[in-house]
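Undergrad: Okay, here's the structure, questions in a sec.
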Amino acid sequence: MFHFGSSPHLDYPVMSNTNTSFAVLGSGGAGSISPFIVDALSEQPGVKKLNFASRSLPANAELVPVDYDDHSALVEIFKKYSIDVVVSTLPLPAVLDAQKKAAVAAKEAGVKLFVPSEYGFITFGLAGTGNILSEKDEFTAFLTSIGLPYSLFFTGAWIRFIPFFIGYESNQKVNIVGKGETPVSFTAEEDLAVPSGFIAHVTTTLPQSRLSNAHFRIQNEHLTLCQLADRLQKPFVFTDYIPGQEPYASLRAFLLSQFEAGTASTGWNHVEQRENPKDSDEAAGSANHLWEGYVWKKLEDIVGL
Ligand SMILES: NC(=O)c1ccc[n+]([C@@H]2O[C@H](COP(=O)([O-])OP(=O)(O)OC[C@H]3O[C@@H](n4cnc5c(N)ncnc54)[C@H](OP(=O)(O)O)[C@@H]3O)[C@@H](O)[C@H]2O)c1
């Protein structure tokens, strides 16, 4: 876990939002998203920086080892640093375990906002469906039950994982399972978090009323796999299965089935089993505009094949 402390002597104007103290769960190891989030928060005005032994981090960051089973110690840590926002980057197996324990402690410590580990496909409406991502939705219901406000960030698939999704290493082609005609949201980890990325931007600038129990649907690109092949200027082939090492091959097969079904678009609506209308508040990428003036990266800025 990292802590971002509040800064009493700011060199820049204080924003209307008062979130200045952040705890990032799961930032002690080599997580895929936590380094981006930690760096992004450290760039935000009003948020102090951190330091970390195993990689170069901004100054003023603090690594705080925690035992998620030690409830009173967790409460004390959140209180000691007057944490406003807990941002979780824990993996799926920890969502209903360590993340839940952290949420209970955060509620008791008076934390204002919890950002659960989403950062992917829409999970709202999945509870009880048996989908492997349904535990994320069950966790949201848990936050509601304990009265801890939350913000959910949906990104679709991460751009940096595209070579894996398309099985590029197997034949240097875009391998398409299905028709490849369904739009998928692709988001850059950099824009989700670095520098001063979307999560850091909105949690430090939007009023609490706008952050509480909010869904943010972002994307850099909204492309079918056929369009993706075109943009990458790579040939594509249709296949039933992309071979690879387990458990990754099975995970990829599941993710590609979600691509094909449409659920990897951040405009997906699980309840109505369709894409939300383009001009609606729940459309794919509907939250992008909250980062005013920002030019979102293009696929080609991130992926070079
Ligand atoms: N949209 C996409 O394409 C995409 C791709 C990948 C991941 N994701 C999402 O991003 C989120 C983070 O995934 P990730 O792959 O970055 O996670 P990860 O690397 O597996 O884990 C992140 C950190 O969580 C802590 N951790 C791991 N297992 C734990 C456990 N059982 N209990 C408590 N803490 C544990 C570790 O940090 P410490 O050492 O500090 O404890 C670890 O470094 C997930 O919600 C995942 O679904 C999305």
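Undergrad: If you scan the range 278-297, which residues turn out to be assigned to a loop (DSSP other than H, G, I, E, B) and open to solvent by less than 100 Å² (accessible area, probe 1.4 Å)?
TA: Once the filter is applied, which keeps residues that are assigned to a loop (DSSP other than H, G, I, E, B) and open to solvent by less than 100 Å² (accessible area, probe 1.4 Å), the range 278-297 yields SER280, GLU282, ALA283, ALA284, GLY285, SER286, ALA287, TRP291, GLY293, TYR294, TRP296, LYS297.
Undergrad: Let me ask something else. As an exercise: evaluate VAL174 against (1) of a type in the set (A, V, I, L, M, F, W, C); (2) touching a Ser or Thr at 6+ places or on another chain (Cβ under 6 Å); (3) farther than 19 Å from TYR150 by Cβ and give the number of the one condition it does not meet.
TA: The failed condition is (2).
Undergrad: Test ILE176 against the criterion of being closer than 28 Å to GLY125 by Cα, assigned by TED's automatic domain parsing to the domain that holds LEU256 and within 17 Å of the chain's Cα centre (by Cα), and give yes or no.
TA: no
Undergrad: Out of the range 160-185, which residues are assigned to a helix (DSSP H, G or I) and under 15 Å from SER265 (Cβ atoms)? Break it down stepwise before answering.
TA: Let us first name the residues in the range 160-185 that are assigned to a helix (DSSP H, G or I), namely 160-165, 168-171.
Scanning the range 160-185 gives a single hit, PHE165.
Undergrad: Suppose we filter the range 18-53 for residues that are open to solvent by 40 Å² or more (accessible area, probe 1.4 Å), modelled with pLDDT of 75 or more and either part of a loop (DSSP other than H, G, I, E, B) or among the β-branched types (Val, Ile, Thr) (or both); how many remain?
TA: Of the residues in that region, 2 qualify.
Undergrad: In addition: Taking the range 172-228 as the search range and keeping residues that are in contact with a Leu (Cβ under 6 Å, 6 or more places away or on another chain), over 17 Å from THR89 (Cβ atoms) and not aliphatic (A, V, I, L, M), which one is most open to solvent (accessible area, probe 1.4 Å)?
TA: Out of the qualifying residues, it is HIS215.
Undergrad: Tell me, which residue of the range 76-103 that is crowded, with 18+ Cβ neighbours inside 10 Å and more than 19 Å from the chain's Cα centre (by Cα) is nearest to the ligand (Cβ to nearest atom)?
TA: Checked the range 76-103; the qualifying residue nearest to the ligand (Cβ to nearest atom) is LYS101.
Undergrad: Spot the failing condition for GLY128; the list is (1) assigned to a strand (DSSP E or B); (2) open to solvent by 10 Å² or more (accessible area, probe 1.4 Å), and only one is missed.
TA: (1)
The values are calculated or read from the model by the stated rules, or taken from the named source; none is laboratory data. These figures come from a predicted structure and were not determined experimentally. Positions of Cβ are backbone-derived with ideal geometry, glycine not excepted, and every protein chain shown enters the neighbour counts. Ligands, DNA and RNA are stripped out before the accessible areas are found, and what is left, the full protein with its side chains, is counted by its heavy atoms. Shrake-Rupley method; radii C 1.70, N 1.55, O 1.52, S 1.80 Å.
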